[in-house]
1. Can you pull out the residues in region 28-87 that are in contact with a helix residue (DSSP H, G or I) (Cβ under 7 Å, 6 or more places away or on another chain), among the charged types (D, E, K, R) and either assigned to a loop (DSSP other than H, G, I, E, B) or modelled with pLDDT under 95 (or both)?
2. Anything in region 10-27 that is among the acidic types (Asp, Glu) and either under 21 Å from the mean Cα position of the chain (by Cα) or not in a helix (DSSP H, G or I) (or both)? List them, or say none.
3. Condition first: of a type in the set (Gly, Ala, Ser) and either in contact (Cβ under 8 Å) with a residue 40 or more places away in the chain or buried (at least 16 other Cβ atoms within 10 Å of the Cβ) (or both). Can you find one or more residues in region 19-32 that meet it?
4. Residue pairs, Cβ under 6 Å, 6 or more apart or interchain, first in region 97-123 and farther than 17 Å from Glu146 by Cβ, second aliphatic (A, V, I, L, M). List them.
Amino acid sequence: MSGSPKYKRITAVIDKYTAEMFGEDADETPLDFLCVWLESGRTMIDLAETVAKDLGEIVYAAQISQMGRKLEAAGQAGAAGPPAGQAEAAGPRGRKSRIDQARRWGAMSLAEQSLGFLDKATPKTARLAEARAKGRQWLAERFDPERFGAKQAPTTQVNLNLSGQHLAAFAQLTQLRLTQPEAQSDAIAPAIDQAAEVLSIEAPTPSETEQ
């Protein structure tokens, strides 16, 4: 596609957008434009639709994404490595993916947009606003799961702690039962039985312990 007439028309439009955003004499490249576009919470589909209107022909998001990958590959080919402090976002070849990082930064914009939809909603537009908000929240979670992904509660650790507490309580109650047989009141015996049931074990009786 990179040598096709349509690809050249698409790149020409992106070049125009880059000049409009940064200025004719700016050093920024079309890749910089793509990154700013994504960081603002917009998508490749949005850009494809915008380019299609300018060209008067269908443009697919996959074509824009392919162009972005080619621009990024061209930039990485002449780079010694990822800039300092950015190694954590390195791609599969060990180099930073600027497009992926731009999407990650754009997650905050998507989250803010979702709030904007809800804040501006009216009773008539509430359902549509909620759907748009959820869509942007979903994208934000995928682009930056560390900040926006659903946090899983540490259930395993909690269960272990609770089991430890039950074991300690069971040991105390059993010791009381063995050392103070006269304390076999209606309050103590049910507590022992309940602890045994939680732990799925049978509470020992004094006769069993003495054997």
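The values are calculated or read from the model by the stated rules, or taken from the named source; none is laboratory data. As the structure is a computational prediction, the values presented were derived from the model and not from experiment. FYI the Cβ positions are ideal-geometry reconstructions off the backbone, even for glycines, and counts take in every protein chain you see.
1. Glu28, Glu72, listed by residue number.
2. Scanning region 10-27 gives Glu24, Asp25, Asp27.
3. No, there is no match, as no residue in region 19-32 is of a type in the set (Gly, Ala, Ser) and either in contact (Cβ under 8 Å) with a residue 40 or more places away in the chain or buried (at least 16 other Cβ atoms within 10 Å of the Cβ) (or both).
4. That search, which allows pairs on different chains as well, returns Ser114/Ala133; Phe117/Ala129; Phe117/Ala133; Leu118/Ala129; Leu118/Ala133; Ala121/Ala129.
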